[in-house]
1. List pairs: first residue in the stretch 322-341 and over 18 Å from Asp297 (Cβ atoms), second residue assigned to a helix (DSSP H, G or I) anywhere in the structure, Cβ distance under 9 angstrom, at least six positions apart or on different chains.
2. Within the stretch 229-240, does at least one residue satisfy the condition of being closer than 15 Å to Ala324 by Cα and in a helix (DSSP H, G or I)?
3. For Pro101, indicate whether it is buried (at least 18 other Cβ atoms within 10 Å of the Cβ), part of a loop (DSSP other than H, G, I, E, B) and either in the same structural domain as Val212 (by TED's automatic domain parsing) or not hydroxyl-bearing (Ser, Thr, Tyr) (or both).
4. Filter the stretch 146-160 down to the residues that are surrounded by fewer than 16 Cβ atoms within 10 Å (Cβ to Cβ) and free of Cβ contacts under 8 Å to residues at least 60 places away in the same chain, then identify the one that is farthest from Lys59 (Cα to Cα).
5. I'm checking my understanding of the structure. Among residues of the stretch 171-212 that are hydrophobic (A, V, I, L, M, F, W, C) and over 16 Å from Asp140 (Cα atoms), which one is surrounded by the fewest Cβ atoms within 10 Å (Cβ to Cβ)?
6. Taking only the stretch 125-145 into account, find how many residues are free of Cβ contacts under 8 Å to residues at least 60 places away in the same chain and surrounded by fewer than 16 Cβ atoms within 10 Å (Cβ to Cβ).
7. Given the criterion in contact with a helix residue (DSSP H, G or I) (Cβ under 8 Å, 6 or more places away or on another chain), farther than 20 Å from Phe93 by Cβ and not in a loop (DSSP other than H, G, I, E, B), identify the matching residue among Leu334, Leu342, Leu320, Leu266.
8. Looking only at the stretch 266-302, which residues are surrounded by fewer than 17 Cβ atoms within 10 Å (Cβ to Cβ) and within 29 Å of the chain's Cα centre (by Cα)?
Amino acid sequence: MKRGIEIQFNWVFILIAGGVILAFFFTIVTKQQTLSSERLAVQLSRDLDTVFSAAIAAKGVAQVLSIPRGGVAFDCTETCDCNFVVKEKPTPFKDKIIFAPETLADEAAVVWALDWKVPFRVTNFLYLGQPSDKYLLVTDPSGANQHSRQLQAQLSRDLPAALQTEFISINDLPTKRLEGRTRVVFLAVNPRDESTLDLDASFKRIEVSGVVIDSRTRQLKFFTREGDAFESQKASYAGDAGMYAALFSTDPQLYQCGVSHSLAKLAHVADIYARRAVAVGNEMPRQNRSDCVYVTDAIDQLRSGAAEKSTAIFPDLAGLELNAQQLNQQNQNLILQSCPELF
């Protein structure tokens, strides 16, 4: 009897000890897997950051690049701390200005870079999309809407060929059956019903977002889907590069943060050119070129306006465009007079 109890005790001890050993090794393996996943995420994030840096430097170039399996997410907080996320590892944008959908799920992405000029070059914008996304570009067929026709011609010429784009009349939009993730872009024309964007009921089964681009007033209206309807957010843009930023950004917050960082850079660059204008203007009489006059009103207004609007939420940028046009005209006049140009 006593021997039987000892045998049972030994078996219980062996089972407990074995369980502890298995648990120990399981913990080690789990930790190793976690560390391996974290190292992989860090390496992939570094690689992608390098790819983005190289792509944004190649202004005017569109290309299709591989991205990590599992996709990439893009996110900006209310305070505009912006990150791209690979395998749950966030990486800050740093000084890069990126406009993209909230997620890229394909293993390839279309990347395109343009420089933002207001009117001098301020920075480069990087746009990202994916080949499987569909861009439905809605036009006004009436002959009176020249802005819609001009936008159609411009986008036909500029947008990368790797993107799936289709132009459609707003009259035909309600009967268009949608398939796959779709970005609906209204070119200087407004949807008749903003709650549905005039879309066929098929939009309820897929991921859809929209934006209205008014090239006459430089105003925007973003549409994000909430259930079976859309909610809107007004914004504005400056320059063609700003217009394309709105086209690629499905999240209004990401667009707003990109604009905010860009305006801060504009204020800094405008300050440099304003100082240059004063220095060159002071030098001209000594060079017997008193006819070369450097008025800083327009660039001062551009600088102060950009600084003020960089901290605003969805600011109106129409005034900046006017300042930029005035400054560009001033620079052209200096060139015609054979004076040192401002920029």
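The values are calculated or read from the model by the stated rules, or taken from the named source; none is laboratory data. These numbers were taken from a predicted model, which means no experiment stands behind them. All Cβ positions, glycine included, derive from the backbone under ideal geometry; neighbour counts span all protein chains shown.
1. Final answer for the pair search is Pro340/Val280; Pro340/Glu283; Pro340/Met284; Pro340/Leu334.
2. Here is the first cut: in the stretch 229-240, the residues closer than 15 Å to Ala324 by Cα are 237-240.
Going one step further and asking which of them are in a helix (DSSP H, G or I), we end up with 239-240.
So far as the stretch 229-240 goes, yes, one or more of its residues are closer than 15 Å to Ala324 by Cα and in a helix (DSSP H, G or I).
3. Judged against the criteria, Pro101 is a match.
4. Step one: list which residues in the stretch 146-160 are surrounded by fewer than 16 Cβ atoms within 10 Å (Cβ to Cβ), which gives 146, 150, 153-154, 156-158.
If we keep only those that are free of Cβ contacts under 8 Å to residues at least 60 places away in the same chain too, we end up with 146, 153, 156-157.
Details: Gln146: 29, Ala153: 21, Ser156: 19, Arg157: 16 Å.
My answer is Gln146.
5. Per the stated criteria, the residue is Ala201.
6. 5
7. Of Leu334, Leu342, Leu320, Leu266, the one residue that is in contact with a helix residue (DSSP H, G or I) (Cβ under 8 Å, 6 or more places away or on another chain), farther than 20 Å from Phe93 by Cβ and not in a loop (DSSP other than H, G, I, E, B) is Leu320.
8. His268, Ile272, Asp300
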